[in-house]
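What follows is a single structure, written as structure tokens, with notes after it.
The values are calculated or read from the model by the stated rules, or taken from the named source; none is laboratory data. Note that the structure is a prediction, hence the values are computed from the model and not measured. Counting neighbours? That spans all protein chains shown, and the Cβs are built from the backbone with ideal geometry, glycine included. With ligands, DNA and RNA removed, areas are computed over all heavy atoms of the protein, side chains included. Shrake-Rupley method; radii C 1.70, N 1.55, O 1.52, S 1.80 Å.
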Amino acid sequence: MADLSALDSWRDFPAVQQPTWPDQQKLADAVGELSAAPPLVFAGEADQLKELLAKAARGEAFVLQGGDCAETFEGVTADHIRRNVMTILQMAVVLTYGASLPIVKMGRMAGQFAKPRSSDVEVRDGVELPAYRGDCVNGFEFTAEARIPEPNRMLRAYHASAATLNLVRAFTYGGFADLRRVHEWNKGFTRNPAYARYEKLAAEIDRAVRFMAAAGVDFDALRTVDFYSAHEALVLEYERALTRIDSRTDLPYSTSGHFLWIGERTRQIDGAHVELLSKVRNPIGCKIGPSITPAELIALIDRLNPDGEEGRLSLITRMGADKIREVLPALVEAVKAHGAPVTWICDPMHGNTIVSSTGYKTRRFTTVVDEVKGFFEVHEAAGTIPGGLHVELTGDDVTEVLGGAEELNDEKLKDRYETLVDPRLNHQQALELSFLVAEMLRA
Ligand code: PEP
Ligand code: MN
């Protein structure tokens, strides 16, 4: 029988970025309820994903992770979820063609309700309140009451994740994800003159789809897709309550999502997040920013994947376009020399955040593209495998990221700036990025 107490070892390690829950009884009640709630995902599904990530590490597949920076309870609507899934599926079709590889599709969805913050407090007009930490913890509204961490929000996050996952499963197994249908949506995109540059690639994909149909390719196999859920494992009480012993293998798995990652702010080698995730058997990720040293990275790998299991650990690099070519080579070389397998994934968002002249937290599309380019260049030079892409996006027509073929400018940011935390690529920008990355993959 598995040793359950091992799953509480994180309590002996320092835990950063945790809410200060004011009501301990409420916390205990909420955690008790969560611990008895059904799992959101199964261990077997996490194992399947692990195999796919192992393929991506070997260059036999490519990973696409995308979704909101922060999911919100208000955003758990059919329309928002459908548009995000649709955007990821549309990008995946383009990338499949570009890479000539299967694309492993994962949403920053069904669990991405908690956020690390650079400051514990937020000050507006001289008023200081606790920072917003995601709908799993407190409310965004700038009032003392909303900002108090409320344990029952963890239950809401659980139910919101269940509802999201249910809809995602219905979409991806119910005909919505049919390749021909997704391809038709993409044709709508390239009809816009702003994207004329991508017509050639789009026409090639169109020919390939028509060829498959004419050749009698079994479209039943192309009607459904496997779509996995991913989020940052941040709130440890929530994650612990949803960690279960798999009855089939007697091993611990997180059932809050298929893939969990450790954030840049919580990846301390002797920290509670690393400790808890070192114990679960899911495929996991770790964000790494420009300050990490090769020695620290190797120590993290040894801690998170001591057996060198394939597909277990993805390193999600978020260096910034101006640093990636300088910082990543030494890390890649150290990992290569160390020998344990990792899946390298590029997050071109989090190292490239700026403030616009109009005061919005934003990113430039060209900078995002440049970081992806740098990522491919470094791996090409080292002879290692660029395994995937991790982006913040939405299928909605928001105005949060500058640039793209439609040239969103500083003035336009105010039109539909809806994110509560980081700026997301909108539907058009996300698709444009997939065309550009498809070109890089073919190069
Ligand atoms: C995020 O993915 O939203 C995030 C906070 O990333 P990072 O930990 O890389 O800063
Ligand atoms: Mn973010």
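Does R147 satisfy the condition of being modelled with pLDDT of 95 or more, surrounded by 11 or more Cβ atoms within 10 Å (Cβ to Cβ), touching a Cys at 6+ places or on another chain (Cβ under 8 Å) and outside any strand (DSSP E or B)? No; evaluated as a whole, the condition is false for this residue.
Filter segment 417-432 for residues that are of a type outside the set (A, V, I, L, M, F, W, C) and either modelled with pLDDT under 95 or within 10 Å of ligand 2 (Cβ to nearest atom) (or both) and give the result. Within segment 417-432, T419, D422, P423, R424 qualify.
Yes or no, residue by residue, for (1) more than 30 Å from A208 (Cα to Cα); (2) open to solvent by 10 Å² or more (accessible area, probe 1.4 Å); (3) without any contact (Cβ under 8 Å) to a residue 24 or more places away in the chain:
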position	(1), (2), (3)
A46	yes, no, no
L64	no, no, no
G75	yes, yes, yes
R83	no, yes, no
I88	no, no, no
L101	no, yes, no
F113	yes, no, no
V123	yes, yes, yes
G126	yes, yes, yes
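Filter segment 58-82 for residues that are part of a helix (DSSP H, G or I) and either touching a helix residue (DSSP H, G or I) at 6+ places or on another chain (Cβ under 6 Å) or among the hydrophobic types (A, V, I, L, M, F, W, C) (or both) and give the result. Lay out the reasoning, then the answer.
Here is the first cut: in segment 58-82, the residues part of a helix (DSSP H, G or I) are 58, 78-82.
Once the filter is applied, which keeps residues that are part of a helix (DSSP H, G or I) and either touching a helix residue (DSSP H, G or I) at 6+ places or on another chain (Cβ under 6 Å) or among the hydrophobic types (A, V, I, L, M, F, W, C) (or both), segment 58-82 yields A78, I81.
Here A177, A110, A160, A114 are screened, and the one residue that is within 17 Å of R82 (Cα to Cα), touching a helix residue (DSSP H, G or I) at 6+ places or on another chain (Cβ under 9 Å), among the small types (G, A, S) and at pLDDT 95 or above is A110.
When residues in segment 237-253 are screened for being hydrophobic (A, V, I, L, M, F, W, C) and surrounded by fewer than 21 Cβ atoms within 10 Å (Cβ to Cβ), 2 of them pass. Listed by position, the strands (runs of 3 or more DSSP E) contained in segment 308-398 that have at least 2 residues being touching an Asp or Glu at 6+ places or on another chain (Cβ under 6 Å) and modelled with pLDDT of 95 or more are 386-392. Picking from residues in segment 276-289 that are under 15 Å from L236 (Cβ atoms) and open to solvent by 10 Å² or more (accessible area, probe 1.4 Å), the one that is farthest from ligand 2 (Cβ to nearest atom) is K279.
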